[in-house]
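What follows is a single structure, written as structure tokens, with notes after it.
Since every read-out is calculated from the coordinates, none of them should be taken as a lab result. Keep in mind that what you see is a predicted model, and the values were worked out from it rather than measured. Here the Cβ positions follow ideal geometry from the backbone for every residue, glycine too, while neighbour counts run over all protein chains shown.
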Amino acid sequence: MKEKIIEIRDIKRHYKVGTQVVKAIRNISIDIFKGEYVAIMGASGSGKSTLMNIIGCLDTPTSGQYILNGKDVSRLSDDRLAEIRNSDIGFIFQVFNLLPRNTALENVMLPLVYSGVRKTERKVRAEETLTDVGLDDRMDHRPNELSGGQRQRVAIARALVNNPALLLADEPTGNLDSKISEEIMQLFAEIHKKGNTLLMVTHEENIAKHAHRIIRLKDGEVESDIINENPVY
């Protein structure tokens with residue numbers, strides 16, 4: 001039997017804006033299994049960013065239950081959520097979020113600093129991860145010395161270096177041209193083949209088609225949840 005990494009039960013997320021209550025997520029229940037490659041799609045206002053924030057432990061639900069890797073994280077304190085983000089989740093963002101004064105190697109080593117890994121081991125693990133994403137010859141370069149695709153590879157290496165249970169990619173090709181986007185998606189396919197669980201939020205159909213499962217949201221609810229029988233790559 002497949003092992004669940006994410007169990008979401010009857011999640012709701014409401015916000016107060018003045019006197020109005022915005023129901024960003026109305027009622028969502030999802031299971032995601034270890035080793036899956038899932039795309040979450042939806043138009044602006046569909047709730048996909050809110051759901052991503054909850055899955056990434058950046059936000060907590062108004063009601064419902066969220067179990068991540070066997071831990072109920074629905075009502076944890078901010079400090080505990082921060083610990084789980086660093087240990088269990090690797091984030092890949094549209095805007096890279098690299099420290100401009102640091103080299104690629106130093107950027108990738110940063111999560112290991114927060115995890116208390118010794119300096120010599122940090123360097124070895126960061127070098128190995130940068131090599132895995134094809135940047136063994138760019139480790140000493142700063143972000144402004146790298147192309148957009150190379151910067152995203154550094155960001156992917158940083159997300160991978162802690163061996164997280166879950167990789168979350170938020171519009172990972174949004175700032176890249178079509179050729180570089182395809183290269184990044186090919187890298188995602190290689191990462192998935194190694195057994196990583198990958199969850200990607202995107203509004204682009206051609207990007208979502210790389211995933212093996214596509215969940216579409218509409219008005220804060222799951223509109224469809226289908227297996228992609230013919231993923232790209």
Over 21 Å between alpha carbons, listed pairs K12/K34; K119/K193; K34/K194; K23/K71; K4/K193; K71/K193 = K12/K34; K119/K193; K23/K71; K71/K193
If you average the sequence gap of Cα pairs under 8 Å that are 6 or more apart and divide by the length of the range 171-233, what percent do you get for the contact order?
-> 27
Tell me, what HN-Hα J-couplings in whole Hz come from the Karplus equation 6.51 cos²θ - 1.76 cosθ + 1.60 at θ = phi - 60° for each residue of the range 64-81, using x for Gly and Pro?
-> x, 10, 10, 10, 10, 6, x, 10, 6, 9, 4, 10, 6, 5, 4, 5, 5, 4
For the range 4-227, calculate the relative contact order in percent as a whole number, restricting contacts to Cα pairs under 8 Å that are 6 or more residues apart.
-> 30
What whole number of Å gives the distance from the Cα centroid of the range 181-202 to the Cα centroid of the range 118-141?
-> 19
Selection of GluC sites (Glu not before Pro), the range 127-233, meeting DSSP coil and at most 16 other Cβ within 10 Å = E204, E229
Percent antiparallel among DSSP beta bridges (both partners in the range 4-227, rounded to 5) = 60
Could you tell me the distance between the Cα centroids of the range 211-233 and the range 70-90, to the nearest Å?
-> 26
When L199, L76 are ordered from fewest to most other Cβ atoms inside 10 Å of their Cβ, what list results?
-> L76, L199
Which one of G47, I84, N162 is farthest out on the positive end of the charge dipole of the chain, using unit charges on Cβ (Lys, Arg +1; Asp, Glu -1) and the Cα centre as origin?
-> I84
Total formal charge among the other residues, if their Cβ is under 15 angstrom from that of H203, Lys/Arg +1 and Asp/Glu -1 | -1
